[in-house]
Amino acid sequence: MLKIALTGADGLVGSRIIELLNNDFHFIPLPQVKMDITNIEQVKNVMDGIDFDLFLHLAAYTNVPGAEINKELCFKINRDGTRNIFDTVVNKGKKFIYISTDFVFDGTNPPYFEDSAPNPIAVYASSKYEGEKIVNPLTGKKAMTVRIAYPYRASFEIKKDFFRTFKSYLEQKKPLKMITDSLMTPTFIDDIAYGLKHLFNNFSPEIYHLVGTQSLSPYDAVIKIADTFGLDKSLIGKTTYQEYIKDKAALPKLANIRSKKNNFYEMKTFQQGLEEIKKQL
Ligand SMILES: NC(=O)c1ccc[n+]([C@@H]2O[C@H](COP(=O)([O-])OP(=O)(O)OC[C@H]3O[C@@H](n4cnc5c(N)ncnc54)[C@H](OP(=O)(O)O)[C@@H]3O)[C@@H](O)[C@H]2O)c1
């Protein structure tokens, strides 16, 4: 059985990957308490003590607004931490997968494919792109980058995603103002897990996008949440991208992210993902 060591195993995405694929792979989770990725000595010591075939690097500073204030910490974790892990894994001659984000694109000229040019427009996005540059397959090293976008799942107490945040607002009867003139590409985390299952077994040092098959505006996305779960649509008002991002971390406006390479796992549309979640709940 393939042995996969991973950071970020307790996070929103990592914990679901383990839940779904635990019978297919031998996972070796490396939580921050055991291995702080910003501490190179600790990284080397921990890595020397484990045996693995492939390293999945999910850990990141993921608070997008927080990154604007804590820029140094964000770069320390997402750039320097990634370098610490990557160098150690490469020195051991093992395979490496870096999880990145659609936010590396500026959102001005969609759609964005695996070979589109990144141009991050805020701190978190820049730090993730710095990580991408470190593991770039063009370096000739055994590294893959997998970009994901707006991951969501049925439940996870520790962190709310886009879907559960807005579902819970509607349940609390909170009036909302959602953007009508931007695009996002929500991705069902179960699909990310099954797509990764293929990539673990068919490793190739390239960039892949594992993203939902539908891009839509945040307004349309929340309307779908309301429709699917029988919540009150009259709470959902409209706003524009310009109005929304005033005084906020910049977000790519037209984050229509697609894949030219994913011919191995059929990713769900947002509607299909919501229907699946309804069955799971
Ligand atoms: N969530 C999104 O909307 C989204 C979108 C696109 C891409 N991504 C990418 O997907 C990956 C997973 O995201 P997520 O939302 O699942 O993350 P998350 O729930 O915020 O979890 C982040 C994980 O990183 C770990 N971590 C943070 N600092 C660390 C450090 N110094 N040393 C070791 N571990 C550290 C945390 O460990 P502890 O719990 O032990 O502190 C936690 O498990 C990230 O690379 C992120 O950039 C996420």
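The values are calculated or read from the model by the stated rules, or taken from the named source; none is laboratory data. Being a predicted model, the structure only gives us computed values, none of them experimental. Note that each Cβ is placed from the backbone with ideal geometry, even for glycine, and that neighbours are counted across all protein chains shown.
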Check your understanding: Going by the conditions given, is Ile4 closer than 19 Å to Gly195 by Cα, of a type outside the set (Ser, Thr, Tyr), in a strand (DSSP E or B) and more than 13 Å from the ligand (Cβ to nearest atom)?
Key -> yes
Revision key, fill the gap. Taking the range 48-83 and keeping only residues that are under 15 Å from Phe103 (Cα atoms), part of a loop (DSSP other than H, G, I, E, B) and not hydrophobic (A, V, I, L, M, F, W, C), one is left with Tyr61, Thr62, Asn63
**Study point:** strands (runs of 3 or more DSSP E) wholly inside the range 171-276 containing at least 1 residues that are small (Gly, Ala, Ser)
**Key:** 236-239
Practice item. Tell me, please, whether a residue that is within 10 Å of the ligand (Cβ to nearest atom), farther than 25 Å from Phe200 by Cβ and at pLDDT 95 or above can be found in the range 130-149. Key: no
Point to revise | Selection within the range 57-68 - more than 10 Å from the ligand (Cβ to nearest atom) and buried (at least 21 other Cβ atoms within 10 Å of the Cβ) | key: Ala67
Exercise for review: Determine if the range 158-168 includes at least one residue that is closer than 18 Å to Ala9 by Cα, in contact with a Phe, Trp or Tyr (Cβ under 7 Å, 6 or more places away or on another chain) and within 16 Å of the ligand (Cβ to nearest atom).
Suggested key: yes
Practice item. Pull up the range 75-92, narrow it to residues that are more than 12 Å from Ile134 (Cβ to Cβ) and within 10 Å of the ligand (Cβ to nearest atom), then point me to the one that is farthest from the chain's Cα centre (by Cα). Key: Lys76
Review point. Quick one: would you say Asp24 is closer than 28 Å to Phe188 by Cα and not polar (S, T, N, Q)?
Key: yes
Check your understanding: Can you tell me which of Lys34, Lys44, Lys71 is out of contact with any Lys or Arg (no Cβ under 9 Å at 6 or more places or on another chain), over 25 Å from Asp161 (Cα atoms) and more than 10 Å from the ligand (Cβ to nearest atom)?
Key -> Lys44
Point to revise | Unique match (being over 19 Å from the mean Cα position of the chain (by Cα) and of a type in the set (A, V, I, L, M, F, W, C)) among Met178, Met144, Met184 | key: Met178
Exercise for review: Give me a count of the residues in the range 226-251 that are within 17 Å of Ser182 (Cα to Cα), surrounded by 15 or more Cβ atoms within 10 Å (Cβ to Cβ), in contact with a Leu (Cβ under 9 Å, 6 or more places away or on another chain) and of a type outside the set (Ser, Thr, Tyr).
Suggested key: 2
Exercise for review: Only one of these is surrounded by 17 or more Cβ atoms within 10 Å (Cβ to Cβ) and within 24 Å of Tyr98 (Cα to Cα): Arg164, Arg147. Name it.
Suggested key: Arg147
Check your understanding: Being more than 9 Å from the ligand (Cβ to nearest atom), surrounded by 19 or more Cβ atoms within 10 Å (Cβ to Cβ) and aromatic (Phe, Trp, Tyr), is that true of even one residue in the range 97-104?
Key -> no
